[in-house]
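As structure tokens, the structure follows; a few thoughts come after it.
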Amino acid sequence: MPRLHFSTLAELLAALAIRRRLRRPIPARRAGSDPQPQPRRTDMNLGFLAGYRTYVIAAAMLVAAVAQLLGVDLPSFEGQSAGHLLMEGLAIIFLRKGIKPAG
């Protein structure tokens, strides 16, 4: 292994920590441990959003579109065109209003 030169004490300590971590054996799985995460034990009560979930999604699309038009990059909407988001958000709102039963 070649000799390494470090310019700072922090680099030396980081290299020692990495070397120690790489030499440590990988712990074996315990018997009976399930690699799948456990399902949620209690259900989420989203009843207060009944009839408005579509509007919430459309509003999020509109906010993301306006943010992109202003130059703000949102990680979850990365790769989406601001114009498409704006038009799709408006389409969802107006289509939902047209389909929603009169009550």
Check: Name the pairs whose Cβ atoms lie under 7 Å apart, with the first residue in segment 62-77 and within 20 Å of Leu90 (Cβ to Cβ) and without any contact (Cβ under 8 Å) to a residue 60 or more places away in the chain, the second surrounded by 17 or more Cβ atoms within 10 Å (Cβ to Cβ) and of a type in the set (Gly, Ala, Ser), and 6 or more positions between them or separate chains?
Finding: Leu62/Gly89; Ala65/Gly89; Leu74/Ala64; Phe77/Ala64
Check: Consider Ala31 against the criteria (1) at pLDDT 75 or above; (2) loosely packed, with under 10 Cβ neighbours inside 10 Å: it satisfies all of them except one. Which criterion is unmet?
Finding: (1)
Margin query: Please pick out the residue among Gln68, Gln80 that is surrounded by 10 or more Cβ atoms within 10 Å (Cβ to Cβ), assigned to a helix (DSSP H, G or I) and modelled with pLDDT of 80 or more.
Written below: Gln68
Check: From the set of residues in segment 41-55 that are surrounded by 10 or more Cβ atoms within 10 Å (Cβ to Cβ) and in a helix (DSSP H, G or I), which is modelled with the lowest pLDDT?
Finding: Leu49
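The values are calculated or read from the model by the stated rules, or taken from the named source; none is laboratory data. Here the structure is a predicted model, which means the values were calculated and not measured. All Cβ positions, even for glycine, are placed from backbone atoms using ideal geometry, and neighbour counts span all protein chains on display.
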